[in-house]
């Protein structure tokens, strides 16, 4: 039986005075929910996405819901020029970049025997290499300031198997490994890097693009009988971005009620 989602958690100024950049924040998924939570926690926020119209709509929605105008910049994380331009824009806008939320990712479904090189490479390039590019571009600014936080979005599929998801699972396992290794390299500069590992979050785009029987099967695997609300994943991202997780780096936090 599906349980009712909990009440929305109000802000407690966990990110007061911080500057935050969130990738893939268009739409109503985890990226948008995280940008909203960061604003509610007192941060100044810039959002990015590859979709121009949806990005503008997300910025408008954030201003309506939070009362704050949010700067935006188009970015395709598979393009190095876009990535460098986005980090430079955030630093120029804010003066410094305190938190980077790497939320951009790309999925798909194909069994290995049928998967093309293009399908494999596209998912890996956006989901894993895109996270690498963003991290590589942000670290020099954070290292120079001797502070900063990067929060990556992985998936329980980085640990667990699912038919048709070899490319996505490999990419998310790579995000976990990238998080661990880059965290050790950044630690001496006072920079922390962690990631979340959600099972699945229910949002309008997922409902629109996923067959109901697939969603029902995914929900049946969850102890709560439902997918996470995007804000429930965002809550954990905010925790990792905040000083409440000051002794954590290189860690992957599972945001899931999924049965093993």
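The values are calculated or read from the model by the stated rules, or taken from the named source; none is laboratory data. For clarity, every value in this text was computed on a predicted model and none was experimentally measured. Cβ placement follows ideal geometry from the backbone for every residue including glycine, while neighbour counts extend to all protein chains displayed.
Among the residues of region 81-89, are any part of a helix (DSSP H, G or I), surrounded by 15 or more Cβ atoms within 10 Å (Cβ to Cβ) and touching a residue at least 60 places away in the same chain (Cβ under 8 Å)?
yes
Output the number of residues of region 56-71 satisfying the condition of being surrounded by 20 or more Cβ atoms within 10 Å (Cβ to Cβ) and outside any helix (DSSP H, G or I).
The qualifying residues number 1.
Cβ contacts < 9 Å: first residue over 15 Å from residue 197 (Cα atoms), restricted to region 228-249; second residue assigned to a helix (DSSP H, G or I) and at pLDDT below 95, any location; separation 6+ or different chain. Result?
Note: no pairs meet the criteria.
Across region 149-179, what is the number of residues that are within 14 Å of residue 195 (Cα to Cα) and touching a helix residue (DSSP H, G or I) at 6+ places or on another chain (Cβ under 8 Å)? Spell out how you get there, then give the answer.
Going residue by residue through region 149-179, those that are within 14 Å of residue 195 (Cα to Cα) are 149-159, 171-179.
Now restrict to residues that are touching a helix residue (DSSP H, G or I) at 6+ places or on another chain (Cβ under 8 Å): 149-155, 157-159, 171-176, 178.
So the count comes out to 17.
When you scan region 222-243, how many residues do you find that are out of contact with any helix residue (DSSP H, G or I) (no Cβ under 9 Å at 6 or more places or on another chain) and surrounded by fewer than 18 Cβ atoms within 10 Å (Cβ to Cβ)?
Within region 222-243, residues that are out of contact with any helix residue (DSSP H, G or I) (no Cβ under 9 Å at 6 or more places or on another chain) and surrounded by fewer than 18 Cβ atoms within 10 Å (Cβ to Cβ) number 3.
How many residues, within region 147-193, are within 15 Å of the chain's Cα centre (by Cα) and part of a strand (DSSP E or B)?
Total satisfying the criteria: 6.
Given (1) over 25 Å from residue 128 (Cα atoms); (2) modelled with pLDDT of 95 or more, identify the lone condition not met by residue 48.
Answer for residue 48: the failing condition is (1).
With the checklist (1) surrounded by 24 or more Cβ atoms within 10 Å (Cβ to Cβ); (2) free of Cβ contacts under 8 Å to residues at least 24 places away in the same chain in hand, flag the one item residue 103 doesn't pass.
If we test residue 103 against (1) surrounded by 24 or more Cβ atoms within 10 Å (Cβ to Cβ); (2) free of Cβ contacts under 8 Å to residues at least 24 places away in the same chain, just (2) comes out false.
Give region 94-129 a look and list any residue that's in contact with a strand residue (DSSP E or B) (Cβ under 6 Å, 6 or more places away or on another chain) and not in a loop (DSSP other than H, G, I, E, B), or say none.
94, 99, 100, 101, 102
Go through the residues of region 14-31 one by one and say whether even a single one is over 18 Å from residue 231 (Cβ atoms), within 14 Å of the chain's Cα centre (by Cα) and part of a strand (DSSP E or B).
Yes, region 14-31 contains a residue that is over 18 Å from residue 231 (Cβ atoms), within 14 Å of the chain's Cα centre (by Cα) and part of a strand (DSSP E or B).
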